[in-house]
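Following: one structure in structure tokens, then a few remarks.
The values are calculated or read from the model by the stated rules, or taken from the named source; none is laboratory data. Source: prediction; values computed, not measured. Don't worry about glycine lacking a Cβ; one is built from the backbone with ideal geometry, like all the others, and counts go over all protein chains shown. Accessible surface is based on the protein model in full, side chains and every heavy atom, while ligands, DNA and RNA are left aside. Shrake-Rupley method; radii C 1.70, N 1.55, O 1.52, S 1.80 Å.
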Amino acid sequence: SSLWTPEVQKDVGFYKGDDGTFWMAWHDVVKWFDSGSVSYVLPTYGQVRVAGNFDKGFPDVVVQVFVTKQVKFWFGAHQRDNRGLPSGDKDRQYLGLLLAVLREKENGSVEKVVASGSGQFVVARDVFAECLLEPSPKPYYILVQAYQEHEKSFTTSLFFSDPSAVKVHFVGPKNDDGRKKCNPVTRFLPANCSQKVAANFQVVMP
């Protein structure tokens, strides 16, 4: 383009080569894309990903986290990418997701530490939340819920700055009372979701 003047190239750090970077006019961006994201490279962080399934919007796996000192976390909830899926595939429709980080209190109730989407369900492939977790004698719970009452798979991810200070367990509902959606999220009762469960998971360390 004749608009790539030396001054513009210098301003944006233009590099002429096949490095995976491409440039688009803004009107083309808004025509072909409805969202964007920022990817963080965290080579010194530990990572855990666990697969789960929704049953009427409530997960069969809830992540329980213990920390022994202050740790920076990134949390994510992810649905299968719908690009290229055939019509009729149940994963073509993204559900409304809400990820909440809850801390158990001494009396057995919970308080909300942080939630994705400003605490609202968001229809998107992925939702995220970040926070610092302080050491606590009681565990934290990473609760992912779906707005719709469909059965669907999802993945929960955790990225944390100090793997030596983090312990992760997988728990699930003990009874029917533990399978009910929690709205607001502070209605979550750890006593109803404290049964350790088997799960498919991945761990990546620095």
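A few points about this structure:
- Relative contact order of region 85-206, defined on C-alpha pairs under 8 angstrom at six or more residues apart (%): 27 percent
- Note on Cys131 and Glu151: their simple-model spin labels are 3.2 nm apart, each label 7 Å out from Cα toward Cβ.
- Taking 13 Å as the cut-off, the amide N atoms of region 173-198 that come nearer than this to a point 7 Å along the Cα-to-beta-carbon line of Lys56 belong to 175-182.
- Mean Cβ count within 10 Å, highest first, over the residues of peptides 115-123, 4-12, 93-101: 93-101, 115-123, 4-12
- Probe 1.4 Å, accessible area per residue of region 42-84, Å²: 43 Å²
- Rounded FRET efficiency, nearest 0.05, which uses the C-beta distance separating Arg83 from Trp23 and R0 of 22 Å: 0.50
- In the full protein context, region 123-174 carries 43 Å² of accessible surface per residue, based on a 1.4 Å probe and ignoring ligands, DNA and RNA.
- Segment Lys167..Ser109, full-extension length gain: 18.8 nm, with 0.36 nm per residue of separation and the alpha-carbon distance subtracted.
- With the alpha-carbon atoms of the chain aligned to their principal axes, the span from lowest to highest coordinate is 67, 44, 28 Å, starting with the largest.
- GluC sites (Glu not before Pro) within region 43-125: DSSP coil, no more than 16 neighbouring Cβ in 10 Å: Glu106
- Of the chymotrypsin sites (Phe, Trp or Tyr not before Pro) in region 128-167, not one is in a loop by DSSP (not H, G, I, E or B) with at most 14 other beta carbons within 10 Å.
- Note on the chain: with neighbouring protein chains present and a 1.4 Å probe, carbon and sulfur make up 51 percent of its accessible heavy-atom surface.
- Over all directions, the projected convex hull of the C-alpha atoms in region 110-206 averages 7.3 nm² in area.
- With bins 5 Å wide beginning at 0, the percent of Cα pairs of region 18-66 falling in each bin runs 4, 10, 12, 13, 12, 15, 12, 13, 7, 0.
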